[in-house]
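The values are calculated or read from the model by the stated rules, or taken from the named source; none is laboratory data. Just so it is clear, the model here is predicted, and its values are computed rather than measured. Here the Cβ positions follow ideal geometry from the backbone for every residue, glycine too, while neighbour counts run over all protein chains shown.
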Amino acid sequence: MMGDDWANGETAPSPTAWAGPRKLLRRLRDVMAGPGDAQDRLDRIAKLIAGDMVAEVCSIYVRRAGDVLELFATQGLKPEAVHNTRLRIGEGIVGAVAADSRPMALAEARKHPSFAYRPETGEEIYTSMMGVPILRGGRMLGVLAIQNRTQRDYTDEEVETMETVSMVVAEMVASGELIETSEQRPADGIGIAPLRLDGIKLNGGLAMGHAVLHRPAIPVGRTVAEDSETEKLRLKEALASMHKRLDELLAQADAEGPGDHIDILKTYRMFAEDKGWIRRIVENIDNGLTAEGAVVRVQDDTRARMKKVDDAYLRERLLDLEDLAFRLLQHLTGDADGTRAHMLPEETILVARNMGPADLLDYNRSNLKALILEEGSSTSHVAIVARALQIPVIGRVKGILDRVEPMDPILVDGGNGLCYIRPGDEVRSAFKASMRMFEEKRAHYRAAKDLPSITKDGVEISLMMNAGLLIDMGHLQDSGAAGIGLYRTEVPFMVRSDFPDTATQAELYSAILDQAEGKPVTFRTLDIGGDKVLPYFHEMQEENPAMGWRAIRIAIDRPGLMRGQLRALIQASNGRPLRVMFPMVANADEFVQARAMLDKELSRATRRGLPLPSELKIGAMLEVPSLIFQLDALAKKADFISIGSNDLLQFLFASDRGNPRMDGRYDALSAPVLNVVKEVVHRAQQNGLELSVCGEMAGQPLEALALIGLGIRTLSMSPANIGPLRDTVRACTVSALSDFTEALTHRPDRSLRGAMANFARDHGITV
């Protein structure tokens, strides 16, 4: 062990004397179990780590209320600095480690931009520094740091050892012996006060119930192993048990009927056998941790990596691994049945940081009323499955896990991305009234689903629905939609671990046509790139993906991919009508090239004597403004076009729709947008092209009114929007609407939304 005289200028032992984690962990365990109060044991731990890691300094910082890091113990720094030195998270190197929840190893610490000199510590004589976060259940509890006087290049193995050691320190911090556990939570959230939190809409709807925290912390009794071989055997048995349970879930899903959620589960099951993930757990057992401790160690590392990853699909992969770690812990600790899923209150609002799709399916769906996520995105697996199950979902509700207690009453407004925690009586009463109105409206829409969507002056407006999963097809009849205006074929690709082959695709597309029962279905070919990245397609890293290699551009450069999909669509049609639409067409030549591939596949099917579509219509998505000026040329080859309003507005205003700073800056109801639509309607009518609109614009009442006024007669939208829009259509008069909308195209206002709302009110149209 390091003697006290090291701080007085004695030469430190050579770093090569470092012996690895196993012996250190055992000695730490003995200190933890030994006599003395928590502060005394923490002091001895600091001294022990410094000696074993061959460092002149070891310091332990603990997170306190207000996001403050307080020096709780040190070997090597001035003793009077203990409990007097405090850093904000993000302040200094220690604060930077805490902010990022990632280790930092610096040979010359004072040259780092985050370095902050604190004279009361006496650390100016030290050159090198390593800091690792103290993590527990994904929560940052403090920082463990070592320092060396001479320049030292810390090895990866040393960093790994410090991270392992920090787990043992985390046990003491989390126990409440050093500080009250309440300090480990933000001061502004826990209590009895009502609270409103904002997020983003992932799936609309209203719900009320009581909070159930997904994935409550699983207590890990031991982290330091007595016998590594015994721990590896326990791990092997737990893995086998987990795999069996996942196979049972998969079999259950198969029994419930086909659907793309099965592909999601298959992908998830594949990750459960990821050799790299299992190898990292085994390595931590070899370093002296128990099986549970090793899983937690790998899980904490995964969580830290997720904080640094912006790509939605890579985060989804990391989430799968984190979710699997939790499941594995359940099997190691004897809670393999996931009893939480069977003990839900009748009205459950599930609250989670994030979660995997298999975990959602574990819960009793009859009791589950809504889902609130700290993270989440519209393309996450759990959001896709939840939408298919018609469960309201709010995502990106920052800090909700720190602000809600189990069984707290919660109100969820999925449509507006809001939740109310512990609401007062007045808010609760108002929300109940809203829910009654919501249910009455849903009942009204169900009753009216067979009514024709015809305006007062006899103009028929075709209301189609968007879909992307086979399970979505159940909404076709329920909503009374006239057909599928947009089937996003990329969604089944997104929930798989590899490209589906032609036979698999053909089976899916055939099932979609079967469930459509003769109603038209427009299949959009693979629209990947931009915000839709396939995790197994490794050629898509770009600085500006929205305007990069995506959609039809990939199809032209990778014709095998496109031809396989077109072949599957022809096979699936099996003599039935087929509608195919190419996305992101920027000029007529791109469409010509894509259609040539389809013609080749039609010729191939003819040579083989396969049934051809009884009727074939081929179209293009108009998302790129340049195509507007080639519609005359396009009309010679295409049967229809569909305005993709989301991307068209993005390119029209040069405004990234995913950038929160751009949110609300440009309005879809503005003269530039209306004039573009007006021009497209004119050119389509001149050339006899069928025309529709899909995207967010199509499903919003005010925007839809403007589109109808400009001459659009087919709109494709989310199933939930069809009922309200049918009422809007049946209440309007096209003749009056057309005159008013034409006048709007000449106004200079940034937004015409107010004017459109006034028109609707004056003409008795509910929006």
Residues satisfying the stated conditions in segment 652-691, i.e. in a helix (DSSP H, G or I), at pLDDT below 90 and not aliphatic (A, V, I, L, M)
P660, R661
Taking the condition within 30 Å of the chain's Cα centre (by Cα), among the polar types (S, T, N, Q) and either in the same structural domain as L48 (by TED's automatic domain parsing) or buried (at least 16 other Cβ atoms within 10 Å of the Cβ) (or both), does S101 pass?
yes
Report whether or not A704 is under 20 Å from R750 (Cα atoms) and either modelled with pLDDT of 95 or more or touching a Leu at 6+ places or on another chain (Cβ under 7 Å) (or both).
yes
When M473 is evaluated against the numbered criteria (1) touching a helix residue (DSSP H, G or I) at 6+ places or on another chain (Cβ under 6 Å); (2) surrounded by fewer than 21 Cβ atoms within 10 Å (Cβ to Cβ), which criterion, by number, is the only one it fails?
(2)
Residue pairs within 8 Å by beta carbon, gap of at least six or interchain, first lying in segment 120-141 and part of a helix (DSSP H, G or I) and at pLDDT 85 or above, second surrounded by fewer than 23 Cβ atoms within 10 Å (Cβ to Cβ) and not hydroxyl-bearing (S, T, Y), listed first then second, are I125/R149
Residue that is surrounded by the fewest Cβ atoms within 10 Å (Cβ to Cβ) [pool: residues in segment 189-220 that are at pLDDT 75 or above and basic (K, R)]
R196
Do the conditions hold for A109, that is, is it modelled with pLDDT under 95 and out of contact with any Gly (no Cβ under 7 Å at 6 or more places or on another chain)?
yes
Those residues of segment 68-89 that are surrounded by fewer than 18 Cβ atoms within 10 Å (Cβ to Cβ) and free of Cβ contacts under 8 Å to residues at least 24 places away in the same chain come to a total of 5
Quick test for you: out of T489, T525, T502, pick the one residue that is among the β-branched types (V, I, T), surrounded by fewer than 19 Cβ atoms within 10 Å (Cβ to Cβ), at pLDDT 70 or above and assigned by TED's automatic domain parsing to the domain that holds L463.
T502
Given the structure, is I484 surrounded by 19 or more Cβ atoms within 10 Å (Cβ to Cβ), more than 32 Å from the chain's Cα centre (by Cα) and hydrophobic (A, V, I, L, M, F, W, C)?
no
Scanning segment 397-437 residue by residue, those within 11 Å of G199 (Cβ to Cβ) and buried (at least 16 other Cβ atoms within 10 Å of the Cβ) turn out to be V397, I400, V412, D413, G414, G417, L418, C419
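Looking only at residues that are at pLDDT below 75 and part of a loop (DSSP other than H, G, I, E, B) in segment 333-367, which one is farthest from the chain's Cα centre (by Cα)?
That would be G334.
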Taking segment 534-558 and the residues there that are within 19 Å of G695 (Cα to Cα) and in a loop (DSSP other than H, G, I, E, B), the one that is modelled with the highest pLDDT would be A551
Any residue in segment 421-436 that's assigned by TED's automatic domain parsing to the domain that holds I410: show its pairings with residues that are among the aromatic types (F, W, Y) and in a helix (DSSP H, G or I) at Cβ separation under 9 Å, as long as the two are six or more apart or on different chains.
P423/F431
Segment 72-106, subset assigned to a strand (DSSP E or B) and farther than 22 Å from E158 by Cβ, residue modelled with the highest pLDDT:
F72
In segment 621-650, anything buried (at least 18 other Cβ atoms within 10 Å of the Cβ) and modelled with pLDDT under 90 is listed as D647, Q650
Those residues of segment 38-71 which are more than 14 Å from L144 (Cα to Cα), among the hydrophobic types (A, V, I, L, M, F, W, C) and assigned to a strand (DSSP E or B) amount to V68
Quick check on my filter: what residues within segment 690-712 are touching a strand residue (DSSP E or B) at 6+ places or on another chain (Cβ under 7 Å) and closer than 12 Å to I643 by Cα?
E690, L691, S692, V693, C694, G695, A698, L707, I712
Checked segment 575-622 for anything among the basic types (K, R) and in contact (Cβ under 8 Å) with a residue 24 or more places away in the chain; matches are R576, R579, R595, K600, R604, K617
Quick test for you: out of L725, L744, pick the one residue that is hydrophobic (A, V, I, L, M, F, W, C), in contact with a helix residue (DSSP H, G or I) (Cβ under 7 Å, 6 or more places away or on another chain), in contact (Cβ under 8 Å) with a residue 24 or more places away in the chain and more than 22 Å from G664 (Cβ to Cβ).
L725
Hits in segment 693-724 (condition: within 16 Å of K449 (Cα to Cα) and in a loop (DSSP other than H, G, I, E, B)):
S718
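What do you reckon, is L561 under 22 Å from D647 (Cβ atoms), in the same structural domain as I484 (by TED's automatic domain parsing), assigned to a helix (DSSP H, G or I) and modelled with pLDDT under 90?
yes
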Would you pick out the residues in segment 401-443 that are out of contact with any Gly (no Cβ under 8 Å at 6 or more places or on another chain), part of a loop (DSSP other than H, G, I, E, B) and of a type in the set (G, A, S)?
G424
When you go through G723, G764, G664, G711 one by one, which is the residue that is at positive phi, in contact with a His (Cβ under 9 Å, 6 or more places away or on another chain) and not charged (D, E, K, R)?
G711
